[in-house]
């Protein structure tokens, strides 16, 4: 999270990416223009190749020019990356590798993912009405630059005399106390500013990294006496999220568990298309929707841009220090959904551009209904 004085004008690096990425980013930028006009925000944009489109143009998913521009920017706005056309590339050239490298380059170790569904929209959840009658309001804090995704990886060739004598593979999960402590501190601070409840998720019963995780998180608890800490195993957390999501406030966990559990969060509220994401920790914040590139619907105007637009609210909150703007964008998205303007992934017929138009109009002070 940023600590320096808020600059007068913000430099925004735009990485539209692949599939539906350019479509949802276009609507987010539409809302940004409306919000900037309403709240007096000065900014500049630089659009840059990233992901599959960058592979096509330069041979690399995260070209040096894009890297430099992102590191010099105040914030990065991203769409989505990947697609079946890149699946046969070597791992280091796939679009997803570019995303991992971007997060690491920015020092974005804390991924903050709000999972929110107001009670007024509880009908969008596939869970029973009585389970979500009071709405859902959870914030996941996922460690983002360690664990299995970044640990050593190797294929182990067959070897005569070895009992299995067949090809094997190995991924190493590694965490240091420093890595655990810094992301846990972000989670404790968020919990202290909310309902004061923090759930730390691990597999302490089988993983030594989880034992270190639990010990490190527990050691921080006395520094945050206003926060009630509890620990859950990852499998039990998944069960509890579906059984009673209202029991959770802030959840902190490592990279792999966080990737899985936040997708469960998307199912709880009705669609991943509603979830934004902020990757924080370095000077430059990274904001994006949680969903993937969805190449099957790309170019058809069916993508839900809510996640990308709500990412703008997080950008206003964490990077611009403009809570007023953040609340206006959050309220505009909620208002459009409450008015019945639902994208296809939520069972409606509101197209991508139309949804963006409605939210932009609401942010500007009026909500068209025709």
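Coordinate-derived values only; no laboratory data. All values reported here derive from a predicted model rather than from experimental measurement. Every residue, glycine as well, gets a Cβ built from its backbone with ideal geometry; the counts of neighbours run over all protein chains shown.
Here the gap between residue 57 and residue 166, fully extended at 0.36 nm per residue and compared with their Cα-Cα distance, gives a gain of 35.4 nm.
Just check segment 1-85 against the gyration tensor rule for me: Cα atoms, a ≥ b ≥ c as the square roots of the eigenvalues, rounded for a/c under 1.5, and otherwise prolate or oblate depending on whether a/b exceeds b/c. Verdict is oblate for segment 1-85.
Return, ordered by residue number, the residues of segment 177-217 whose backbone nitrogen is under 13 Å from a label point located 7 Å along Cα→Cβ of residue 223. What the label zone holds, given the 13 Å backbone N cut-off, is 177-190, 216-217.
Panel order for 160, 203, 153, by other beta carbons found within 10 Å of each beta carbon, from fewest to most: 160, 153, 203. Arranged from fewest to most other beta-carbon atoms within 10 Å of their beta carbon, 233, 175 become 233, 175. The listed peptides 58-64, 47-53, ordered by packing as a protection proxy, come out as 47-53, 58-64 (highest mean of other Cβ atoms within 10 Å first).
Annotation: the residues 341, 291, sorted from fewest to most other C-beta atoms within 10 Å of their own C-beta, follow the order 341, 291.
Starting from the Cα gyration tensor of segment 83-129, take the square roots of the eigenvalues, sort them a ≥ b ≥ c, and report rounded, prolate or oblate (rounded when a/c is under 1.5, otherwise prolate if a/b is larger than b/c, else oblate). Oblate, because a/c is 1.5 or more while a/b does not exceed b/c.
Between residue 235 and residue 91, what is the FRET efficiency for a Förster distance of 35 Å, r being their Cβ-Cβ separation, to the nearest 0.05? Once the sixth-power term is evaluated, E becomes 0.80. All alpha carbon pair distances within the chain were sorted into 20 Å bins beginning at 0; the resulting P(r) in whole percents reads 29, 59, 12, 1.
Go ahead and estimate [θ] at 222 nm for the chain from helices alone: -39,500 (n - 2.57) per DSSP H run with n ≥ 4, summed, over the residue count, rounded to 500. Before the final figure, lay out each step's value.
Details: 11 runs with 144 residues, N = 370.
Estimated from H runs of four or more residues: -12500 deg cm²/dmol.
Projected onto its three principal axes, the C-alpha set of segment 190-292 covers 36, 35, 27 Å, listed from the longest axis down. Note on the chain: with a GNM built from Cα contacts shorter than 10 Å, the maximum mean-square fluctuation among 193, 34, 313 falls on 193. Counted residue by residue at 0.36 nm each, then reduced by the alpha carbon distance between them, the extension gain from residue 267 to residue 208 reaches 18.2 nm.
On a per residue basis, the convex hull of the C-alpha atoms belonging to segment 126-269 measures out at 127 Å³.
How big is the Cα convex hull of segment 103-191 in projection, averaged over all directions, in nm²?
Working: hull surface 41.3 nm².
So the mean shadow area of the Cα hull is 10.3 nm².
Post the alpha-carbon centroid distance, segment 260-316 to segment 53-87, in whole angstrom. Their Cα centres are 17 Å away from one another.
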